[in-house]
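Some notes on the structure that comes next.
The values are calculated or read from the model by the stated rules, or taken from the named source; none is laboratory data. Worth saying up front: this structure is predicted, and the values here are computed from it rather than measured. Using ideal geometry, Cβ is built from the backbone for each residue, glycine included, and neighbour counts are taken over all protein chains shown.
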Amino acid sequence: MAGSSDRLDALAKTLARFDPRESIRPGTVQLVADEADHVAVDEHGLTALAPRLVLGATLGEGGMALVRAATQTSLGREVAVKTARPGTAARAAPGLLREAWVTGRLEHPNIVPIHDVGADEAGHPLLVLKRVEGRPWSDVIRERPVEWNVEQLVHVCHAIAFAHSRGIVHRDLKPGNVMIGEFGEVYVLDWGIAVSLVDDGSGRLPLAAASREVTGTLVYMAPEMLDGLATERTDVYQLGAMVYEIAAGMPPHVGETVETSLASIARSDPELPADTDPELVAICRRAMAPDPADRFASAEALRVALTEFLAHRGSAAIARAAQTELTALEEQLAARADRVALYQRFGECRFGFDAALRAWPDNAAARAGRERALGAMARYELANGDARAAAVLLADLVEPLPELTAQLAALERTDAARRSRIAELEELGADRDIVAGHRARTAFLVLFGLAWSAAPLAAGVFPAIEVGHALSLVVTGASLAAVLAFGWLARAALGRTALNRGIGLTILVALLLHGIVEAMAWALGLAMPATHAIAVALWAGVCGAAAVFLDRALVVPTVGFLAALAACVRTPGQRLWAISASLAVLFGTALYVWYRSRGGGRPIAGLADRLRRGDRGSIRS
């Protein structure tokens, strides 16, 4: 550790004279003894190109190179000419030749093509390049949005992936070495310190294995570059450093001193602004991992990740808008807003999260927001006792919520008991429905009432009709047969409800008892007045029981029968009129009860309706 610290201190002192944003060229810092320089300038091998070029204004310049506009007279086209800066020709020549030989191997749309290499009048290397009208990316990177900058970096990744496929490592990737053309072209420049991972036998390309000098741009360097090492993943690191600059607005290893920059390089733990997209943060951290083995395996893999990030940006924007709606929904829930307003907000919120997930199924923020919205509305429905709505909402959750699931189960048990009670009440209500079968019941009561009321009256009006036990039994038997026949014909209507069945059975029992009384009286030799008195007493008892168990209005005909009984005892000669009147009162009261009940509704069915609506008071009552 001490040796490593001393080495970094020495390196810091050596680098202190360099601008950390400028490229450090081979030969300026040596950490190991140099071997014989395998790149030599063969002045006799370079064709003099200066006579065929008309030089123009300076387009740019670096530490040892100068780029000028020029016209290639042989073709009449505008080109860029790169030469050594005055006074640096001896040191710059190897780098210029390296750049020419490397670039000549890399014909790619995102790499500036080299048209020719030759010598100027002094015999120094001269590179003829395609002239790109545009600006360095470093001039505009802070002015453009993240998406635009990432799109440019994707093009850079294309170029570097191609270079790696040819065994070339750039070693000095930074926005300053990328040119953005006026029509969207993206070019990677300055291959002067590139090295080859493969020996092609030509001796022209510097080998990475033989290049142990510290080179590159300090604020973009990967940790292994401090030891003079470089692989494809070194370029991946520097591409990640450009991701950092896109997000943070500055290179990753900017420090007040060289020592702080070196410490930042060794640490390689990028801290991005808090508002940086989490996906971009993950890409940057992986690309800039201190251990090359932990980085993206290739520039192509990094390009794919950046492309997916761009595709996900639309989804992320939709999810952010949906998150705003979710916040408003939670505020409305807390304020107990109207149900319609809540579901309108919930619909907007859920639609947004679903749209974001359709665009990007792995959008964690959208999935979490969707789950949160569903959970909030499920709690609302559970609090309001709507198990069915809560079940629909909880069924859409990807991750079940045990607390809400337990609440739903308890509410469903309560609802099941309530539904069972409702079914019982509905069945009871249907059985007690006074309206059901009312036509058949009305016809039955009217016909039977008229017949029984008219029979005693006829006997009273026509004295010639001798009312004896035989005639009375015949009338009773005929009445019983008529009731049975009518009941059979109208059995569907009269047998539908308990009320209809009760009325029919009551009349049948009364007729049977009346017939039995008549037969017994005849057998005992009782006179007709006594027989009629006993029959009227029987009807008074039956009617009184009906008043207790069916309807209190039947108290009126009960009183009528008691009055008729009194007439039978005190004025036997007027008994038939009294009996006819009491029977008329009975059937008139029955019709009144039916019409009154039609207007009064169905109390049992009404209770079932209140239960169905969830009226707790109705349940208790």
Please verify whether F309 is of a type in the set (F, W, Y) and over 30 Å from L226 (Cβ atoms), treating the condition exactly as stated.
no
Suppose we filter the stretch 63-75 for residues that are farther than 12 Å from V128 by Cα, touching a residue at least 40 places away in the same chain (Cβ under 8 Å) and surrounded by fewer than 19 Cβ atoms within 10 Å (Cβ to Cβ); how many remain?
1
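Residues are listed down the side, and each one gets a yes or a no for (1) at pLDDT 85 or above; (2) outside the structural domain of V475 (by TED's automatic domain parsing); (3) of a type outside the set (A, V, I, L, M):
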{"residue": "V517", "(1), (2), (3)": "no, no, no"}
{"residue": "A521", "(1), (2), (3)": "no, no, no"}
{"residue": "C543", "(1), (2), (3)": "no, no, yes"}
{"residue": "A546", "(1), (2), (3)": "no, no, no"}
{"residue": "F549", "(1), (2), (3)": "no, no, yes"}
{"residue": "V555", "(1), (2), (3)": "yes, no, no"}
Restricting the stretch 277-294 to residues that are more than 24 Å from the chain's Cα centre (by Cα) and of a type in the set (D, E, K, R), the residue that is farthest from A316 (Cα to Cα):
D291
If you check V186 against the conditions, is it crowded, with 23+ Cβ neighbours inside 10 Å and at pLDDT 95 or above?
no
Of all residues in the stretch 193-212 being at pLDDT below 85 and surrounded by 15 or more Cβ atoms within 10 Å (Cβ to Cβ), which is nearest to the chain's Cα centre (by Cα)?
A208
Please indicate, with yes or no, whether at least one residue in the stretch 105-122 is at pLDDT below 85, closer than 26 Å to A161 by Cα and either touching a strand residue (DSSP E or B) at 6+ places or on another chain (Cβ under 9 Å) or aromatic (F, W, Y) (or both).
no
Please work out which residue is farthest from the chain's Cα centre (by Cα), limiting yourself to the stretch 317-357 and to residues that are of a type in the set (F, W, Y) and surrounded by 18 or more Cβ atoms within 10 Å (Cβ to Cβ).
F346
Close pairs (8 angstrom Cβ cut-off, 6 or more residues apart or separate chains): surrounded by fewer than 19 Cβ atoms within 10 Å (Cβ to Cβ) in the stretch 376-401, at pLDDT below 90 and small (G, A, S) anywhere:
G385/G614
Given the conditions (1) among the small types (G, A, S); (2) touching a Leu at 6+ places or on another chain (Cβ under 9 Å); (3) under 20 Å from R320 (Cβ atoms), and given that A359 satisfies all but one, which numbered condition is not satisfied?
(2)
Conditions (1) over 21 Å from T571 (Cα atoms); (2) among the hydroxyl-bearing types (S, T, Y); (3) without any contact (Cβ under 8 Å) to a residue 60 or more places away in the chain; number of the one not met by S472
(1)
Taking H124 as meeting all but one of (1) in contact with a Pro (Cβ under 9 Å, 6 or more places away or on another chain); (2) more than 26 Å from A287 (Cα to Cα); (3) crowded, with 18+ Cβ neighbours inside 10 Å, write down the number of the exception.
(1)
Pull up the stretch 286-306, narrow it to residues that are surrounded by fewer than 20 Cβ atoms within 10 Å (Cβ to Cβ) and charged (D, E, K, R), then point me to the one that is farthest from L226 (Cα to Cα).
E300
Of the residues in the stretch 323-370, those that are more than 26 Å from L310 (Cβ to Cβ) and out of contact with any helix residue (DSSP H, G or I) (no Cβ under 7 Å at 6 or more places or on another chain) come to T327, E331, A334, A335, R336, A337, D338, R339, V340, Y343, Q344, G347
For the stretch 76-183, which fully contained strands (runs of 3 or more DSSP E) count at least 2 residues that are more than 18 Å from E61 (Cα to Cα) and free of Cβ contacts under 8 Å to residues at least 60 places away in the same chain?
77-84
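With surrounded by fewer than 15 Cβ atoms within 10 Å (Cβ to Cβ) and at pLDDT 80 or above as the only criterion, which of R596, R570 stands out?
It is R570.
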In the stretch 374-408, what count of residues is obtained for those that are more than 30 Å from A305 (Cα to Cα) and either in contact with a Cys (Cβ under 8 Å, 6 or more places away or on another chain) or acidic (D, E) (or both)?
4
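Just to check your reading of the model, which residue among G347, G385 is more than 30 Å from A498 (Cβ to Cβ), of a type outside the set (D, E), outside any helix (DSSP H, G or I) and assigned by TED's automatic domain parsing to the domain that holds A328?
G385
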Quick one: would you say R372 is in a helix (DSSP H, G or I) and surrounded by fewer than 14 Cβ atoms within 10 Å (Cβ to Cβ)?
no
With respect to T497, determine if the residue is in the same structural domain as L565 (by TED's automatic domain parsing), modelled with pLDDT under 75 and either of a type in the set (S, T, Y) or at positive phi (or both).
yes
Given the condition assigned to a helix (DSSP H, G or I), among the basic types (K, R) and more than 28 Å from T234 (Cα to Cα), answer yes or no: does some residue in the stretch 297-315 qualify?
no
